[in-house]
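Have a look at this one before I ask anything.
The values are calculated or read from the model by the stated rules, or taken from the named source; none is laboratory data. Just so it is clear, the structure is predicted and the values come from calculations on it, not from any experiment. Reconstructed Cβ throughout: ideal geometry from the backbone, glycine too, with neighbour counts over all protein chains shown. Protein only, heavy atoms only, side chains kept; ligands, DNA and RNA dropped before computing areas. Shrake-Rupley method; radii C 1.70, N 1.55, O 1.52, S 1.80 Å.
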Amino acid sequence: MNGKLVYSFEEGRAAMRDLLGGKGANLGEMTHLGLPVPPGFTITTDACRHYAAHRASPPGLMEQVRGAVRDLELKTGRGFGDAARPLLLSVRSGAAISMPGMMDTVLNLGLDQRAVAGLIREGGTSRFAWDAYRRFIMMFSDVVLGVKKAKFERIFNEHKARLGARLDTELDGAALERIGGEFLALVERERGAPFPDDPWRQLELAIEAVFDSWNNERAQVYRKKEGIADSMGTAVNVQVMVFGNLGPDCGTGVAFTRDPATGERKMYGEYLMNAQGEDVVAGVRTPQPISALEADNPEAYAAFIEMGERLERHFKDMMDLEFTIERGKLFMLQCRAGKRTGAAAVRMAVEMVHEGLLTREEAIARVKPAQLDQLLHPRIDEVTVRHLEPLARGLAASPGAGVGRIVFDAAAAVRRKEAGEAVILVREETNPDDVKGMLAARGVLTAHGGKTSHAAVVARGFGIPCVSGAEALHIDAEARTMTVQGRVFSEGDWLTIDGSAGLVYAERLKLVEATVSGQFGELMGWCDEVRRLGVRANADNPADARRAIELGAEGIGLCRTEHMFFERDRLPIVRELILARDDHDRQAALDKLEAVQQHDFERIFEVMQGRPVTIRLIDPPLHEFLPKYDDLIREVTELKLATNVLRGHALEALLEDKLALLRAVEAMREQNPMLGLRGVRLSLVLPGLVAMQTRAIMQAAVRVKRHGLDVHPEIMIPLVGHHRELSVVRAQLEEVVREVLADAGVDVPYSFGTMIEVPRAALTAAEIAAEASFFSFGTNDLTQMTFGVSRDDAEEKFLRRYVEQGILPANPFETIDRSGVGRLMKLAVAEGRASRPGLKCGICGEHGGDPASVAFCHELGLDYVSCSPFRVPIARLAAAQAVVAQRAEGGRSGE
């Protein structure tokens with residue numbers, strides 16, 4: 001650890017944010033720029049990390065702090081603990097990455113009753129001095145001593161009520177002195193010890209309290225949401241107090257150099273005259289818009305506007321500013337890059353390029369993928385939920401917000417939607433049979449499942465908001481009720497879900513509709529010019545394909561043919577195929593499926609207009625197209641009981657049908673179906689099915705090409721683990737392709753490739769590449785098999801805890817595990833291309849829309865990523881940011 005733990009503001013600069021935190025570094029920068037910053041010093045993040053590790057401040061810290069305070073005494077002509085001219089300090093947090101409001105602050109530190117008298121003798125009013133003291137007692141006791149703020153507020157409000165005061169400012173000095181006395185008595189009762197009067201003890205305790213606040217619950221939740229490392233720690237900023245509550249020519253405020261909601265280039269903020277900063281943010285009084293300051297104090301307003309513009313030009317960003325006016329003089333207390341909505345982020349980035357503040361690459365790096373995600377989906381009005389407690393929390397499985405009435409099954413969702421109602425589909429967990437209901441719903445809420453569960457994957461694909469894994473939900477499907485924390489909700493009750501934050505509200509909340517501006521298109525155009533990675537979409541139907549193109553997809557990277565089989569008119573045909581008693585019945589079912597599959601592919605090819613389309617042949621085990629075993633057992637049992645009581649041909653025929661289904665399901669049952677008869681294995685056992693699919697693909701391609709459109713089908717064989725599996729199946733399907741093209745007399749460019757999703761395939765990529773024209777990494781299954789966990793169960797059972805405990809840096813089903821799964825991918829790319837130069841490599845798992853995973857794919861040299869349609873803009877941005885980051889790193893290494 002660096003022996004120097006304390007830096008004066010004169011020693012700090014903006015580039016030192018890792019050491020001094022964002023607030024301390026920027027205070028140093030503003031001091032260097034000559035702005036009116038009250039003097040102070042910063043205790044480094046190193047000191048916080050030492051404190052967190054050892055539960056004690058580092059040796060020598062307080063000696064350095066004492067030296068820094070002596071320097072402040074010289075600068076101000078005041079004495080810390082001096083009764084005549086007391087030096088008062090603020091103690092604030094300041095992490096390297098801004099975490100507004102998440103950690104603790106203490107103001108007016110250094111006061112005791114002798115110092116209060118000194119302030120009054122100096123010319124401060126009795127009201128100001130006692131007000132400052134009662135604020136200090138309350139804030140210090142709450143933050144440092146653990147005496148809750150609410151207990152002080154109760155005393156304060158009782159005095160206001162007794163005196164008939166509506167506003168705090170209506171209490172005079174005598175009343176505030178009495179309140180201060182009661183505050184001190186409260187502290188002694190609660191703690192069994194008097195309030196500490198020694199200013200040095202106050203300072204040491206306040207510094208340690210700020211260190212402690214790095215790990216308070218709200219800070220931990222915020223860091224987790226924002227992806228901020230727990231190991232960073234916070235700096236502590238100690239600054240000379242200036243007062244906005246000395247009288248009517250004093251004030252305080254917070255402002256942004258541009259509107260953080262819209263991005264409009266105008267000063268946006270609020271202020272209060274005769275107040276301290278906490279009054280503005282706490283809502284104690286109604287603040288005034290910053291524009292009204294021009295009338296209250298024209299000189300301070302003009303100076304503030306000039307400083308805001310200067311800071312924005314200097315930092316090349318929209319700035320969040322805090323200021324105080326003391327006796328008419330303006331002081332700058334803080335500046336940091338302001339938080340903003342997705343719409344504002346895009347507008348600011350683009351407009352700052354046109355203003356000459358940013359380059360295009362800087363603008364690309366400035367916009368966060370999460371902000372872009374927010375821009376593409378409806379969201380809850382932030383004002384509405386500012387003070388609203390969520391009913392439940394789950395996983396942010398699919399972004400956007402949805403409001404609707406509760407329904408508990410797909411049929412009810414469809415029925416109510418057709419009646420014109422908005423609904424939220426609430427399930428223990430979803431399955432393929434729920435897709436119709438999901439499409440009818442404004443949102444999906446599940447009690448179980450992770451971010452790669454069925455509900456999450458399907459919802460993201462369709463752009464439906466989804467909160468999964470909300471474990472507080474207890475759903476009674478038969479009673480059609482949901483119980484949460486003792487509250488019972490029935491079908492038809494209103495819910496609002498926030499799929500971007502994983503929150504559930506028991507109210508019908510106001511939503512803000514998604515808006516995409518011209519600046520969005522302009523930013524995306526810059527991204528496309530910069531990025532190297534191609535971006536495709538996972539799309540199984542023409543509607544998704546059309547949406548993907550609108551959002552900038554360059555092709556389809558994954559078309560899952562089995563999803564087409566779940567349609568209501570196809571599922572009976574699939575069951576006919578599975579239950580066929582002989583080859584004749586089996587072929588009849590295949591012929592029916594071929595016709596509908598060909599029609600599906602024709603429509604997708606037409607939408608894609610010559611763009612490449614990667615079509616995965618059937619992957620899941622066949623039992624997924626049949627009813628669940630437990631459901632069939634129950635139905636058969638009930639029918640047998642019924643036939644014992646009632647006789648009838650129709651009832652007996654129904655029982656026989658159910659028994660046939662049950663026998664088929666029993667024959668197909670496996671201990672571990674995810675590792676069983678599926679993918680390429682199914683192609684070898686039931687070759688007629690994939691031959692039919694290949695014939696449908698190529699006949700559709702021929703027909704579309706005859707209409708003058710280019711077609712580029714890429715046929716993908718899944719779950720290959722051995723090169724002989726691929727070579728046998730490919731040889732069979734090549735024969736089908738040759739027959740179709742020969743019969744048609746049309747030449748269609750096509751290719752066969754495989755998914756790399758079995759670890760053995762990655763390890764033997766050189767052999768497999770000899771049989772494949774392309775690789776597509778199926779990272780969902782590759783992660784599952786590499787870790788040896790079930791993604792359907794692991795997230796809910798233990799993965800979340802692994803991440804919380806730091807065992808894993810992130811959920812590997814959300815962000816690629818670089819050292820394990822990533823190493824297999826790197827090996828497969830290198831050995832595959834060594835065997836087949838120019839081998840096209842892409843990714844089609846859920847990771848294709850995760851920004852960190854996209855950056856890894858860029859580093860690996862993949863040709864493209866593929867993701868759900870609504871993630872396409874995020875993948876375009878992330879791919880461009882990977883190039884920008886690489887160039888910046890190259891520039892740094894060359895310095």
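Computing the accessible area with a 1.4 Å probe over protein heavy atoms, can you report the carbon and sulfur percentage for segment 725-837? Could you put the intermediate results ahead of the total?
Numbers: 2500 of 4980 Å².
Of the solvent-accessible surface of segment 725-837, carbon and sulfur hold 50 percent.
Per DSSP H run of at least 4 residues, take -39500 (n - 2.57); add these up for the chain, divide by its residues and hand me the 222 nm value, nearest 500 deg cm²/dmol.
Taking each H run of at least 4 residues, the total per residue is -15000 deg cm²/dmol.
Let me ask something else about it. Reachable lysines from LYS148, Cα under 24 Å, same-chain residues fewer than 8 places away excluded?
LYS160
Quote the FRET efficiency, to the nearest 0.05, computed for ARG581 versus ALA834 with a Förster distance R0 of 35 Å and r equal to the Cβ-Cβ distance.
Numbers: r = 49 Å, r/R0 = 1.41.
The value I calculate is 0.10.
Evaluate the relative contact order of segment 700-815 (contact order divided by residue number), counting alpha-carbon pairs under 8 angstrom at least 6 apart; express in whole percent. Mind showing how you got there, number by number?
On the way: 130 pairs, mean separation 28.3, N = 116.
Once divided by the residue count of segment 700-815, the mean separation gives 24 percent.
Now for a different question. Volume per residue, Å³, of the convex hull around the alpha-carbon atoms of segment 744-895?
162 Å³
Right, something else. Rolling a 1.4 angstrom probe over the protein heavy atoms, how many square angstrom per residue are accessible across segment 820-869?
With all protein chains present, segment 820-869 gives 31 Å² per residue.
State the percentage of accessible surface on segment 1-61 attributable to carbon and sulfur atoms; use a 1.4 Å probe and exclude ligands, DNA and RNA.
Accessible surface attributable to carbon and sulfur in segment 1-61 totals 53 percent.
Show me the three semi-axes of the equivalent ellipsoid for segment 66-184, from the C-alpha gyration tensor (sqrt of 5 times each eigenvalue), largest first, rounded to whole Å.
Sorted largest first and rounded, they come to 26, 21, 11 Å.
If you don't mind, another one. In bins 10 Å wide, starting from 0, what share of all Cα pairs of segment 659-815 does each bin hold, as a percent?
10, 29, 28, 21, 10, 2, 0
When N counts the residues of segment 586-676, how does its alpha-carbon radius of gyration compare numerically with 2.2 N^0.38 Å, as a ratio?
1.58
Once the Cα atoms of segment 152-277 are picked out, what are the Rg and Dmax in Å?
Looking at segment 152-277, its Cα Rg and Dmax stand at 19.5, 54 Å.
State, as an integer percentage, the relative contact order of the chain based on alpha-carbon contacts under 8 Å between residues 6 or more apart.
The normalised contact order for the chain reaches 9 percent.
Going by amide H atoms built from the backbone, whose H comes under 5 Å of the H on THR481, apart from near neighbours?
The list, which skips near neighbours in sequence, is ASP476.
Suppose the chain between ASP528 and ILE120 were pulled fully straight at 0.36 nm per residue; how much longer would it get relative to their current alpha carbon spacing? Intermediate results must be reported in sequence, preceding the final value.
Numbers: separation 408, 0.36 × 408 = 146.88 nm, distance 6.46 nm.
My answer for the length gained is 140.4 nm.
Taking the alpha-carbon distance from LYS266 and a cut-off under 24 Å, which lysines remain once sequence neighbours fewer than 8 residues away in the same chain are dropped?
Hits, sequence-local ones excluded: LYS23, LYS316, LYS329, LYS339, LYS368.
Still on this structure, I have one more. Whose amide H sits under 5 Å from the amide H of GLY94, counting only residues 5 or more places off or on another chain, with H placed in the peptide plane?
ALA235
In Å³ and rounded to a whole number, note down the convex hull volume per residue for the Cα atoms of the chain.
Value for the chain: 204 Å³ per residue.
So how do PHE183, PHE520 rank on accessible area, 1.4 Å probe, biggest first, that is with the largest at the start?
PHE520, PHE183
A further question on this structure: Scale the Cα Rg of segment 1-131 by the rule-of-thumb value 2.2 N^0.38 Å and send over the ratio, two decimals.
1.14
Running Debye on segment 570-618 with equal point scatterers at the Cα sites and no solvent, what base-10 log of I(q)/I(0) appears at q = 0.14, 0.23, 0.30 Å⁻¹?
Debye curve over Cα of segment 570-618, log10 I(q)/I(0) at q = 0.14, 0.23, 0.30 Å⁻¹: -0.45, -0.83, -1.08.
Okay, moving on. Can you list the HN-Hα couplings for segment 864-871, worked out from phi with the Karplus curve (6.51, -1.76, 1.60; θ = phi - 60°), rounded to whole Hz and with x for Gly and Pro?
So the Karplus estimates, Gly and Pro as x, are 7, 10, 10, 8, 5, x, 6, 8 Hz.
While we're looking at this one, here's another question. Whole-Hz ³J(HN,Hα) for each residue in segment 601-609, computed from phi via Karplus 6.51 cos²θ - 1.76 cosθ + 1.60 with θ = phi - 60°, x for glycine and proline: what do you get?
5, 4, 5, 5, 4, 4, 5, 6, 6
Could I ask something else about it? Multiply the residue gap between ASP296 and GLU73 by 0.36 nm, knock off their C-alpha separation, and tell me the result in nm, one decimal place.
Contour length minus the Cα-Cα distance gives 77.0 nm.
If you count only protein heavy atoms with a 1.4 Å probe, what accessible area per residue comes out for segment 386-527, rounded to a whole Å²?
That works out to 40 Å² per residue.
Over the alpha-carbon set of segment 477-633, work out the extent along each principal axis and list the three values in angstrom, largest first.
Sorted largest first, the three principal extents are 59, 54, 22 Å.
Could I ask something else about it? Tell me the label-point distance for the pair ALA472, HIS354, using the 7 Å Cα-to-Cβ offset, in nm and rounded to one decimal.
Label-label distance for ALA472 and HIS354, simple model: 4.4 nm.
D for segment 609-734, whole µm²/s, Stokes-Einstein with Kirkwood Rh over alpha-carbon pairs at 10 °C and 1.306 mPa s: what number?
Translational D for this selection: 90 µm²/s.
Given H placed 1.01 Å from N in the peptide plane, which residues other than close sequence neighbours of LEU808 have an amide H under 5 Å from its amide H?
Close amide H contacts, sequence-distant or interchain: VAL803.
Computed FRET efficiency, Cβ-Cβ of TYR802 and LYS826, R0 25 Å: what is it to the nearest 0.05?
Here the calculated transfer efficiency is 0.60.
Right, another one. I'd like the carbon and sulfur percentage of the solvent accessible area for segment 64-174, probe radius 1.4 Å, heavy atoms only, ligands and nucleic acids excluded.
Percent of accessible area from carbon and sulfur atoms in segment 64-174: 50.
Let me ask you something else. Can you tell me the FRET efficiency between ARG487 and LYS4 if r is taken as the Cβ-Cβ distance and R0 is 41 Å, rounded to the nearest 0.05?
Plugging the Cβ-Cβ distance into 1/(1 + (r/R0)^6) gives 0.15.
Once Lys and Arg get +1 and Asp and Glu get -1 on their Cβ, which of LEU684, PHE462, VAL353 lies farthest toward the positive end of the dipole of the chain?
Checking the options against the dipole of the chain, the answer is VAL353.
ARG218 to VAL596: extension gain in nm, 0.36 nm per residue of separation minus the Cα-Cα distance?
This chain segment gains 130.7 nm when fully extended.
Something else now. Name the residue from ALA229, GLY778, LEU72 whose Cα lies farthest towards the positive end of the charge dipole of the chain, charges +1 on Cβ of Lys and Arg and -1 on Cβ of Asp and Glu.
LEU72
Hey, another quick one. Over segment 546-606, average the accessible area per residue using a 1.4 Å probe and give it in Å², no decimals.
Accessible surface, normalised per residue, equals 48 Å².
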